[in-house]
Every structure is written in C-alpha cells, then in structure tokens.
Amino acid sequence: MKVYWRFAALTVVIVGTLAWLAAGGFNETKTYYKTIAELDQMGASAIGKRLRVAGDVEAGSIARAGGGVRFVLRQEQRTLRVVYRGTAPLPDTFRDGAQAIADGRMGSDGVFQATKIQAKCASKYEAEPGRPPGAPVRRAGL
Amino acid sequence: MENLGSISLLVGFCLSLYAVAASAAGGWKRNAFLVESSRRAVYAVWVLVTAASAALVGALLADDFRFAYVASNSNRSLAAAYKFAAWWGGQEGSLLFWNWVLASYAALVVRLRRTHDALTPWVTATLMATQGFFLLLNAFVASPFRMLAVGRGITEVPDGTGLNPLLQHWAMIIHPPVLYLGYVGFTVPFAFAVASLAARQPGHEWIHLTRRWTIVTWLFQGGGILLGAAWAYAVLGWGGYWGWDPVENASLLPWLTATAFLHSVMMQERRGMMKIWNVVLISCTFLLSILGTFLTRSGVVSSVHAFGKSPLGSYFVVFLGLALAVTIYLILSRLEYLKPEARLQSVVSRESSFLLNGLILLLVCFAILWGTLYPLISEVFSGEKMTVGPPYFNRVNIPAGLFLLLLTGIGPLVAWRRASPDSLRRNFLWPLAAALVLAAGLFAAGVRHPYALVSFGLCLFVTWTIGSEFYRGARAIQARTRQNLPAAAVELARRNTRRHGGYIVHLGVVLMFVGFTGSAFNQEATVELKPAAQARLGHYELRLASVRPVENENYAGQTALVEVSQNGRPLGSLRPERRLYKSGGQTTSNVAIRRGLTEDLYLNFAGLSEDNQRAVLQAYVFPLVSWIWIGSVVLVLGGCICLVPSAKPGHSRTGSGGAESPHPEGTRAEARPTRH
C-alpha cells in the first residue's frame, strides 16, 4: 500500500502544480465579453478591465496613424472608437463592414485600446445578385 | 443528380438504423442471419453515401450553380483541384465527407472481420449508430443538395461566390481530409471497446484488434494538426503556427487522449493493468472528437476557423449525451471484467511512468478543454461571458509539455515492476550529465530563458537515451551477425518495430520541441521604408529595392522587393506581396520566408503608409522553427515503422534495458495473428 500512497502524493503534487499554474494564467488573461451598449453603461468602471468587444467595422473609418490603426466598431446603432497598436499584422479579413472582435482595455479617453483584433467577413457576399435570402454564408473551413 | 443524392442519403440513414437494430439483435440472440444482414447493410450504406458524394462532386466539377452548396463554395474560374476540395470546404459538404469516411471505415472493418464472433455485431452496431447520427444531420438538417431555383423564381445562377482565397493553398486541400481521417477513425477503436464491454469479453482482444488502427488514426490526426500549423505559418502572415484557437484546441484534445491511450494499452497487454483507464481513454477520445466536430460546426464558441452559426448544435448535444450515458452505463455494469491482474509495485517503474504520462496528458486535456469552453461555462454559471487567452494555455502547457518530454526520456528505459538504483545509474547518468552540461553551456553563452534552458537540456537527454538504446541493441546484434552498425540498427528496428518505431516518434517529438523552444527567441520589427532605404533586424539588413504593381485575372496587388544581406554579404531577395482578390474583394498578404535550419526570416508586406510614400513591412526572425516541420516528418515516419509487422518476433530479445526488463512492450502482442 505504501507504493500507492507515494503515487497518490506524487499525483497530488502534479495536479496541484498544474492547478496553481492554471489559476495564475486564468486570472491574468480572463477577459469579459461586453456589448458596446454594456460598455456605455459601465462608464468609468470599464476603464482598465480586460474586455472583448465585437461589432461591425464602420465603412470608411479605418485610418492608419502614428504606428496605430484607428477605426470605429458599430453594434446595434451604438459605436465605439478603437485604436489598435499591437505588433501582429491585422488579419486580411479586417476591412470595412467586417465583423471584428477587439480584445483590449478601455482607455480613460473613451477610446478602446485593442491589443488583438480578429475579423470575419461574414457579410462579404450578401450584396451579390443571384443569392437568395437566407442562403447559408460559409466562411473559413476547418 | 440532386434527387439521387438526397434519396441516397435518406435511404442510407434508414439502412444505418436497420444495421444497428439487426446487428444488436443478432449479437444478443446470436442470430447469424441477422448479423450477416447487418454486414450487408453496412456495404449498402457505403454505396449510397458514395453515390451521394459523387452527385455532389459531379455538381461541383460541372459548375452546377443551381445547388446552393456549389454556388456558395465554388466558382467558374476556380482550379479543378479546388472545386474538388470544395467537397469538404463548407458545412454541408464536409459533413457528407465525414459520412463518406465513416462509411468507408465501417465497410473496411466489416470486410476485414469475416469470422462470426461475439465482438463483430456490437462493433457494427456502434459504427452504424454513429453513422446514423451523421446521416441524420446530412439528410435532414444540413443537406448539401438544397437547390436554389426551386420556388424562388431564380432561373439561372451565372457564377458561384468562390472559395476564400486564404484557403486556396495546397495544404488546405489536404489538411481537412487528413484531419477528418483522424477524427472519424477514432470511432473504430471506440466501437471495439464498446463491443468488448457489450459482449462481456474480459482481456484485451479489442486492443490487439485495433492497435494498428489506432496508430493510423493517431497519425492522421497528428498529421492533420501539423499540416494546419504549417499552413497557418506560411499563409496567415503573423508567423505563428498555433494560436490556442478553440477549433485548433478541439483537434488537439482527442489526439492527446489517443496518445495517452497508445501508451497505456501497453500496460494492459504486458501486465493486465489499467483496464478501466483504457476504456475510459478511448471513450474520451471518441467523445472529444465528436465534441470537436460540434465546436467547429455549431458556432457556440467563436473562432476564426468555425463555420457560421447553425442549428446543428442541439443535435450534437443530444448525441454526445446519449453516447456518454451508454458508455458510462457499459463501464459501470461491466466492472467485474475490468479488474486489474497486477498491482503497482514501485513508484520508480515503467508502470508508474505510464501512469504519470496518462495523468499529465489527461490533465493537459482538461485544462485546454476548460479554457476552450470557458465562455460557455462562465455564461451558464455566472451569467457573464468570459474568455481566456493564449497566456493561460501557455502557462499550463509549457511546463506540462516539458514534464512529458522528461518522461519520454525516462519511461522507455525504466524497468517494469521495480527499477534498481544500479539500472537507473547505468541508464541515466550520462544523459543527465550531458543535459546539465548543455544547459550550463547555454547559460554561459547568455541564454537566460529558464524554460528554454530546461527544454534544450531535456531534448539532449531524451536524444541521448534513445541513441544509447539503439546503440546497445545494434551492438548486440552486431556481435552475432557481424553487420556494420547502421545495418545492425535497421535489423534491430525490424525485430521490434513497435518499440523502435516508438523511439523514432519520440525523436520526432524532441525535434519539434527544439522548434517550439526557438519561439522564446523570436525577434520582430515593424518598419516603414522608402525605396532604397534600409532597416536592421537581428543580424539581417533589409533594403527595400522597389514596390511594383502586379495584376492578373484573379487578383491585383503590389510586390515589395526586399534585398536581404548579413554583415554586408548579400543573401538574395524576398518578395512579400499584397493582393486584392477581384472576386469577393478580399485582400490577402503573401508572406515571403527565407527558411533555414537555424532560423527563418519572415517578411510580411502590410501595405503602404498613409502618404503612399513608404512600404510598411513586418519583419520577423523565427529561430529553429524548421525543426518543427522536420520533427513532424520524423514523427510520421516513426509511426509508419510501428505499423510494419516485426520480423522474427521471437528474436527481439537483444538485451536492451538490462536483465530487469528482458524485453520491452509486447512481442506477446505481435506474436498473435491479428487481422487489423
């Protein structure tokens, strides 16, 4: 039985270590999903928290300036100004009208400071003729 | 054509249900007539799914845009290979492809097992139950044969909307099918495990029967994941090969549990231990592969890879729930057949290293699953949707991965039952010393990254132990046959392919770890250059020679011609490109990579600056990344060696590992005639 106790102790040490590492990583990167409306409601309490916001990129709003990219996200009539200063290049799918997800923190000036941008161009083909309403829109495969 | 396809799917669905009923009843009542009938139903399902697939592929190749699926996944100017690949490019078609792979596997299993035994009917029933579920989805929820013209007043669709340009890449043609061959293939060993429980078979016959099958499936899954990584690196423009995206994680999870399974089955074969554990592992693998399909298809977790939102989700939840319930019931009701025949005798033993390996793989799997599903979990339990990022995954998985790497070096050399201090010293003294010397040398050379030091040290440690195993075994053969050393090493591998193939797989993993560790030393810079201006990154000088427009019928764009030199010595030029695809209007960047064994130079042309005067270039140096791809090839090669039957199975006792472990995993296993 001694062997089993030893093995159990080893297991506890391993599980404990991994759990401790996981908990640390968890608290460090935990990000809240918020709608733009919720962000507006949060007001000053949103400042500094890690947040993830989704919306459509407003047409014509993308501007590259001073090493950063500024654009406006729109979600149900509400808009949010975003600036992205990350080092990774923006995804190719990021452009006017694309659905974008911005990860970052709310700045005190009301501009969302994004550190990561993901984008999908879901509306890409919707304006094309010959496409019936409700036909499935497929994007990237597995 | 469309009617042929739809009807085939419908009849196929009915027949798969019939096959479940007939084989289960046949197995229960030992009615050979019913069992034979279910076997033929399996063939019929294959014929029908093949016919449906042919109908869809025919429509894709013939540009028949009346099909909604063809119109949204293909266009006229697409190359024929991509038109064919559009079979698995979209939601409905890839489900059909899934069905076709499963039907083919099922037909193959039935074909290979012609003897009437207690196992086969339950294997058939499990396979066909899964098939029935996927055919249900394909026939009623996501049919690839929906037509555009019917009742909507559309008479002609001139052209389709095409395939996403990012997916127009060779790796994207083969990555999904290879991955699917893996995902779907796990159904087979699971079906044998279920059959073994259902038929109340003690022992490990199901493991013998599915050993090769599991290795092949594991190779496909791993190969598929690595192809995806290679594609991401070469195409996506951020230089990464893995981003802990939910869909990537979903494909990794069953592969991790399958890795644990492949190792722990040896415990059952050699020592009759871990029987419950093995059934649990293969069930987890199957359920996780279904879960992965679900995550990819339902849109419940947002991902860059996922198909759009769809009503498939609830069906998957029901199927997963049923499969889980049946599996748990079977395991609990058959516990008496799963009793271990031996006990753990020492913490320092082969058994213990297998247990630890399984434990860590499962913990890693759980941590990744938790992180992946966290947006769902947090929404259900706290009402607030939260997500976790790559740092979470890295913090858990890097140390866990390094510990697994350590076990890779220790496990195969530790004796079964109980290892003596003397054997430990003999096996590990020199590798350990070499690892410490390397780590100290790297530290002296200025490497301060702790994980990198540990990782490089462990890589040498594992390589040394593997090398010494080959060396000792080959010397023993050489002493008897007087061959030269390399020939003796080949002879050694042939005598126990499973053991030595496994070593080569381990070596592949080591090489991949070398590549992963290189990422600790990545360098990057974003520069804005006017023509003829220069920038530096690491020891490279980059000079923008020109920016030229390019245009053809598919896309228009600009090419930056960048001359690369090192300390004034020219190394040639790189041509990253920025393209605007005319159909669909998507911009993509084509990165330029100068690959090398020590490091890759990676250039991405991000576009022109605001004033149109300067080119914005993102430049990266990725040390050692090529070793990931080299390691992948070695891994697949090692896996293939495991599949070759061992020559002269009685003669593999070449003295490796000393007197305590007379010979390694299972010549007992290989000595028995098996069909798979």
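Taken together, the values in this text are just the output of simple stated rules run on the coordinates, not laboratory data. On a predicted model such as this, the values are computed, not experimentally measured, just so you know. Ideal geometry is used to build each Cβ from the backbone, glycine not excepted, and the neighbour counts take in all protein chains shown.
Our Cα-only numbers for the range A:31-120 put the radius of gyration and Dmax at 11.8, 33 Å. If R0 equals 41 Å, the separation of the Cβ atoms of B:Ile630 and A:Val12 corresponds to a calculated FRET efficiency of about 0.60.
Packing, as the average of other Cβ atoms within 10 Å across residues, places the peptides B:180-193, B:412-425 in the order B:180-193, B:412-425, highest first. Estimated from helical segments only, the mean residue ellipticity of chain B at 222 nm is -20500 deg cm²/dmol, where each DSSP H run of four or more residues counts as -39500 (n - 2.57).
Could you work out how much longer the chain between A:Asp96 and A:Arg81 gets when fully extended? Use 0.36 nm per residue separation minus the Cα distance between them, nm to one decimal.
Working: separation 15, 0.36 × 15 = 5.40 nm, distance 1.43 nm.
Stretched fully, the A:Asp96-A:Arg81 segment lengthens by 4.0 nm.
Annotation: amide H-H contacts under 5 Å for B:Gly239 (H modelled 1.01 Å from N, sequence separation of 5 or more, or interchain): none. Per residue of B:163-175, other chain Cβ atoms within 10 Å of the residue Cβ number 2 on average.
In sequence order, the range B:335-342 has phi-based couplings of 4, 5, 8, 10, 6, x, 9, 9 Hz under the Karplus curve 6.51 cos²θ - 1.76 cosθ + 1.60, θ = phi - 60°, and Gly or Pro positions carry x. Under 15 Å of direct C-alpha separation, and excluding same-chain neighbours fewer than eight residues apart, A:Lys34 reaches these aspartates and glutamates: A:Asp56, A:Glu76, A:Asp103, B:Glu379, B:Glu384. The mean sequence distance of close C-alpha pairs (under 8 Å, at least 6 residues apart), as a share of the length of the range B:1-163, puts its relative contact order at 36 percent.
Each of B:Tyr329 and A:Asp40 was given a label point 7 Å from its Cα along the Cα-to-Cβ line. The distance between the two points is 5.3 nm.
Could you tally up the Lys pairs in chain B with alpha carbons closer than 26 Å? Skip any pair fewer than 8 positions apart unless they're on separate chains. Before the final figure, lay out each step's value.
Details: B:Lys83/B:Lys309; B:Lys83/B:Lys582; B:Lys275/B:Lys339; B:Lys309/B:Lys385.
Lysine pair count for chain B: 4.
For the range B:17-34, the Karplus equation 6.51 cos²θ - 1.76 cosθ + 1.60, evaluated at θ = phi - 60°, returns couplings of 5, 4, 4, 4, 4, 5, 6, 5, 5, x, x, 5, 8, 6, 9, 5, 5, 5 Hz by residue, with Gly and Pro reported as x. Amide H contacts for A:Ala119 (H built 1.01 Å from N in the peptide plane; partners 5 or more residues away or on another chain; cut-off under 5 Å): A:Ile101. Sorting the segments B:491-501, A:21-31 by their mean number of nearby beta carbons within 10 angstrom, highest to lowest, gives B:491-501, A:21-31.
As a calculated quantity, the FRET efficiency between B:Ala434 and A:Ala19 at R0 = 35 Å, using C-beta atoms, amounts to about 0.60. What the Cα convex hull of chain B gives, in volume per residue, is 186 Å³. Measuring nothing but how far apart in sequence close Cα pairs (under 8 Å, 6+ apart) lie, relative to its length, the range B:339-472 scores a relative contact order of 29 percent. Each residue of the range B:275-281 is assigned a 3J(HN,Hα), and the resulting list reads 5, 5, 3, 5, 5, 5, 5 Hz, derived from the Karplus form 6.51 cos²θ - 1.76 cosθ + 1.60 (θ = phi - 60°), x at Gly and Pro. If you bin all the Cα-Cα distances of the range B:164-227 at 10 Å, starting from zero, the percentages per bin are 22, 37, 23, 12, 5, 0. Amide H to amide H distances under 5 Å link B:Ala545 with B:Ala532, B:Leu561, B:Val562, B:Glu563, where only residues 5 or more positions off or on other chains count and H is placed in the peptide plane. With the convex hull drawn over the C-alpha atoms of the protein assembly as shown, the volume per residue is 180 Å³. Averaging the sequence gap over all C-alpha pairs within less than 8 Å and six or more residues apart, then dividing by the number of residues, gives chain B a relative contact order of 11 percent. Peptide A:9-18 has a mean of 4 when you count, residue by residue, the C-beta atoms of other protein chains within 10 Å of its C-beta.
Peptide packing: for B:275-286, A:40-51, B:448-459, the average count of neighbouring Cβ atoms within 10 Å per residue gives the ranking B:275-286, B:448-459, A:40-51, highest mean first.
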